[in-house]
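Step one of this worksheet: look at the structure below.
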Amino acid sequence: MASQTDFSRVFPSLHPGREYPFVHKGEWAIHELLPFLLDTTGAADIRLASFTVSEDSLRRLFFLSEAGKIRELMMLMDHTVRRHKMDMLMFASGITPQVRITSNHAKILLLSNDSWKISLVGSANLNTNARWESGILSCREDHYDAFLRGFCAAWEDATPIFDDDTHTRPDTADGAICGLSAAPLRHSHTH
């Protein structure tokens, strides 16, 4: 069931350089917040890490991608998704070829474009539940860069869901890994 949360009340105004902690009991899910964020920032690249995923979250990502609000989507899931939710993994791969699995318990949403660098980290997976959730939405570039480095390290360590990895490598044309060109990974692999 979709959240009826008025995100403009939860996050009244987003500003670069600011942080917004949150705690709630099942009031909204990360994928329900994403349209509000993209309405604020404009079209953006999205990187997601989650332990699990639901059809509702994937459906939302699909429609946002189809509408051109998500320019690029990279998804990192826990290896248990392959064993217990193969249908969700196949759905995800129909939205983006950039899906990998690894031993992952991180819950990270990274959103970036020319004007914004937003990171959201917390307890919530890419699903809807009635549990207490907490986290922080940060519009600080240093936070974004730190979480992006972690995401990229996990991405490099992860297994593509397809045998042919050529279309899932996050290298950009200028050689940047995962879109971060200024700071190299601490444990990057040579390709």
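Data table
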quantity: Anisotropy class of region 16-160 from Cα gyration tensor, a/c 1.5 cut; calculated: rounded
quantity: Segment Thr80-Asp45, length gained on full extension (0.36 nm per residue, minus Cα span); calculated: 10.0 nm
quantity: Förster radius 41 Å - calculated FRET efficiency between Arg140 and Asp56, Cβ distance, rounded to 0.05; calculated: 0.90
quantity: Cα-based reach from Lys117 at 28 Å (exclusive), listing lysines while leaving out same-chain residues under 8 positions away; calculated: Lys25, Lys69, Lys107
quantity: Exposure proxy ranking, count of Cβ atoms within 10 Å, fewest first, for His105, His24, His15, His31; calculated: His15, His105, His24, His31
quantity: Extension gain from Asp87 to Thr159, taking 0.36 nm per residue of separation minus the Cα-Cα distance; calculated: 24.2 nm
quantity: Per-residue HN-Hα couplings for region 39-49 [Karplus 6.51, -1.76, 1.60; θ = phi - 60°; Hz; x = Gly/Pro]; calculated: 5, 6, 8, x, 3, 8, 8, 10, 10, 10, 10
quantity: Among beta bridges that DSSP assigns inside region 1-152, antiparallel share in %, nearest 5; calculated: 65 percent
quantity: Proxy reagent accessibility, fewest Cβ within 10 Å first, across Glu19, Glu32; calculated: Glu19, Glu32
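No value in this document is a laboratory result; all are computed from the given coordinates. A quick note: this is a predicted structure, and the numbers were derived from the prediction, not measured. FYI the Cβ positions are ideal-geometry reconstructions off the backbone, even for glycines, and counts take in every protein chain you see.
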